[in-house]
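Notes follow the structure.
The values are calculated or read from the model by the stated rules, or taken from the named source; none is laboratory data. Note that the structure is a prediction, hence the values are computed from the model and not measured. Positions of Cβ are backbone-derived with ideal geometry, glycine not excepted, and every protein chain shown enters the neighbour counts. For accessibility, only protein heavy atoms count, side chains too; no ligands or nucleic acids. Shrake-Rupley method; radii C 1.70, N 1.55, O 1.52, S 1.80 Å.
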Amino acid sequence: MWECRTVRHDTGPGTARDNRFARRLFSPLPGRYDRLEAWLSLGQNARWRRTMIDHVIGGTGVIGGTGVIGGDGARAPGLVLDVATGTAGVALQVTARSGARVVGIDLTEAMLRVGQQEVARAGATGAVQLVAGQAERLPFADGTFDALTFTYLLRYVEDPAATLRELARVVRPGGAVASLEFGVPRRGFWRFWWWGYTRLVLPLAGGAAGGRPWFEVGRFLGPNISAHYRSYPVGWTVAAWGDAGITDVGVRPMSLGGGLVMWGRRAGG
Ligand SMILES: C[S@@+](CC[C@H](N)C(=O)[O-])C[C@H]1O[C@@H](n2cnc3c(N)ncnc32)[C@H](O)[C@@H]1O
């Protein structure tokens, strides 16, 4: 089994205290996480995830990992970091579609334990390595990875700009970066329905399907997404990717704006 070399990294913006909220929120969820994530996103999360992964594996999903050219001309990555990997859904899809080895890192050990079971069930223990740790202080040397994915992360960190710099640090020059996050529809009509869905349906459906912890998540998500974009609008986020050293930044709102896929490339390649 291969091992990604980790380094101690004791400095950086994040502290254990900053992450307490996310850890408490996610610790009770992993048992039913994958199923409820799919239901509560009305099946859209799978499309958003696929689109994000297209941007790091070169579009066509060519099996390779050793310099094969993908559909958008990008070189297929050999080693990928997936941050906020949770139950390893993204990590598993990256390796299944590209043949890359993937390191998944996440704060919440309960999520990683289920992720480890999923990795074993998929027969991917030789390709996916899961590590406990913080996005704000990644235990990897500069330029370790050929590509990076991160999903639903920036709403949980104290300082999104500093976290983006830390994420970019571990990607080699020219390496692909892609992210997935919820969005807020721009048009008034869709925004009205999105508001109703996130404020009413999500907590009730979450609670009915998953009990108290999912009611709490459902109640938290809508206001948290709105507050995040009030502080960090999409334009701000694009500029922050640039400040972190990520170029050729693209943005694609999906499902009427309910999902947001972003991609770019570490400068200098
Ligand atoms: C909504 S889940 C997404 C899981 C997975 N990426 C997916 O798409 O299914 C968000 C994950 O982010 C993790 N997380 C939140 N803050 C983090 C941080 N600062 N560093 C690392 N992981 C973090 C949580 O533990 C949780 O597993």
Criterion first (near the ligand (Cβ under 10 Å from one of its atoms), in contact with a strand residue (DSSP E or B) (Cβ under 9 Å, 6 or more places away or on another chain) and open to solvent by less than 30 Å² (accessible area, probe 1.4 Å)) does THR198 satisfy it? no
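Scan the helices (runs of 4 or more DSSP H) fully inside segment 191-269 and keep the ones with 3 or more residues being closer than 30 Å to GLY175 by Cβ.
212-231, 234-243
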Provide a single number: the residues in segment 81-139 that are of a type in the set (A, V, I, L, M, F, W, C) and closer than 18 Å to ALA178 by Cα. 15
What is the one condition in (1) under 26 Å from TYR232 (Cβ atoms); (2) outside any helix (DSSP H, G or I); (3) open to solvent by less than 10 Å² (accessible area, probe 1.4 Å); (4) touching a helix residue (DSSP H, G or I) at 6+ places or on another chain (Cβ under 6 Å) that VAL102 does not satisfy? (1)
Among the residues of segment 107-122, is any part of a strand (DSSP E or B) and not small (Gly, Ala, Ser)? no
In segment 125-183, residues that are open to solvent by 10 Å² or more (accessible area, probe 1.4 Å), more than 12 Å from the ligand (Cβ to nearest atom) and either under 17 Å from ALA100 (Cα atoms) or of a type in the set (S, T, N, Q) (or both) total 10
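One line per residue, one yes/no per condition, for (1) free of Cβ contacts under 8 Å to residues at least 12 places away in the same chain; (2) of a type outside the set (Asp, Glu); (3) in contact with a Gly (Cβ under 7 Å, 6 or more places away or on another chain):
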residue	(1), (2), (3)
TYR156	no, yes, no
LEU167	no, yes, no
PRO185	no, yes, yes
GLY196	yes, yes, no
GLY207	yes, yes, yes
TRP214	no, yes, yes
GLY222	no, yes, no
Let me spell it out: the conditions are (1) farther than 30 Å from ILE57 by Cβ; (2) surrounded by 15 or more Cβ atoms within 10 Å (Cβ to Cβ), and MET262 meets all of them except one. Which number is the exception? (1)
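Yes/no matrix, rows are residues, columns are (1) in a loop (DSSP other than H, G, I, E, B); (2) of a type in the set (Lys, Arg); (3) in contact with a Pro (Cβ under 9 Å, 6 or more places away or on another chain):
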| site | (1), (2), (3) |
| --- | --- |
| ALA135 | yes, no, no |
| LEU138 | yes, no, no |
| ALA147 | no, no, yes |
| PHE150 | no, no, no |
| GLU158 | yes, no, yes |
| THR163 | no, no, yes |
| GLU166 | no, no, yes |
| PRO173 | no, no, no |
Pairs returned, first residue in segment 104-116 that is within 9 Å of LEU130 (Cβ to Cβ), second residue that is polar (S, T, N, Q) and surrounded by fewer than 18 Cβ atoms within 10 Å (Cβ to Cβ), beta-carbon separation under 9 angstrom, 6 or more apart or interchain, are GLN116/THR125
